[in-house]
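Quick notes on the structure that follows.
Values quoted throughout were computed directly from the atomic coordinates according to the rules given, and no laboratory measurement underlies them. Computed from a predicted model, the values in this text were never measured in an experiment. When we count neighbours, we look across all protein chains shown, and the Cβ atoms used for this are built from the backbone with ideal geometry, even at glycine.
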Amino acid sequence: MKIYTKTGDKGQTSLLRGGRVSKHHPRVEAYGTFDELNSMIGIVRSLNNDAGVEEILADLQPRLHRLCSDVAAPPAKSEDGARIPRIREEEITRLEQLIDRMDEDLPQLMNFILPGGCPAGAQLHLARTICRRAERRLTELIEAGESVNEHALMFVNRLSDMLFTLARWTNFRAGSEETAWKEG
């Protein structure tokens, strides 16, 4: 398989089982931002030295890849033929359970906190912001009347919460104190 196909040379790309669209189509923007998030998780993994954090991140990356496929393939156009991997309700529940488990270890949040901490924790805060941007792209896609798996949006909303909690948990386990935001 060649890396270059030349099929995008005129500014269009193929969706999974959904025809061709411009490279700036809202669907491409959405799954492209999830791909960026997955790359950010790869950066975090390269900086991380905590086995507990690595276990979570190693489990997350294939799910993000599934999310990209899910968003790239409009459900209305792709359910006939090849099976497209979709985000399922169980994955949302799994994120909630993970958040709850990490939250048990953390001090109660009394203020907004500023992003930062150890290198992996700080990059997880950045990953959270990329996730929120991807969520905005996904809602734009939905508002444009495009078909999206309903569980994908719920998963992404929970994912940003999980990344925030994971950033805090990573910093906590590394002994990095959180900086509370204070006006002035």
Using per-residue counts of other Cβ atoms within 10 Å, averaged over each peptide, order 115-127, 50-62 from highest down. 115-127, 50-62
Taking DSSP loops as anything outside H, G, I, E and B, show the longest stretch in the chain free of chymotrypsin sites (Phe, Trp or Tyr not before Pro) there with at most 12 other beta carbons within 10 Å. 5-111
Give the label of the value calculated from the structure for Cα Rg over 2.2 N^0.38 Å, choosing from [x] 0.97; [y] 1.02; [z] 1.12. [z]
Need one number: nm distance between label points at residue 110 and residue 140, each 7 Å from Cα along Cα→Cβ, rounded to one decimal. 4.0 nm
Explain nothing, just the number: dipole magnitude of region 34-184 about its Cα centre with +1 on each Lys and Arg Cβ and -1 on each Asp and Glu Cβ, in debye rounded to the nearest 20. 320 debye
Between residue 96 and residue 59, the two model label points (7 Å from Cα along the beta-carbon direction) sit apart by a distance in nm of 1.6 nm
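Would you mind giving the average projected area, over all directions, of the Cα convex hull of region 93-184 in nm² with one decimal? Don't jump to the answer; show the numbers that get you there.
Numbers: hull surface 28.3 nm².
Average projection, Cα convex hull of region 93-184: 7.1 nm².
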Find which of 87, 74, 102 sits farthest along the positive direction of the dipole of region 74-158, computed with +1 on the beta-carbon of Lys and Arg, -1 on that of Asp and Glu, about the Cα centre. 74
Please list, ordered by chain and number, the residues whose modelled amide H lies under 5 Å from the amide H of residue 179; skip anything fewer than 5 residues away on the same chain. 114
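Within region 81-184, which GluC sites (Glu not before Pro) sit in a loop by DSSP and count at most 13 neighbouring Cβ atoms inside 10 Å? Working shown, then result.
Numbers: sites: 89, 90, 91, 96, 104, 135, 140, 143, 146, 150, 177, 178, 183; in loops: 104, 146, 177, 178, 183.
Those satisfying the criteria are 104, 177, 183.
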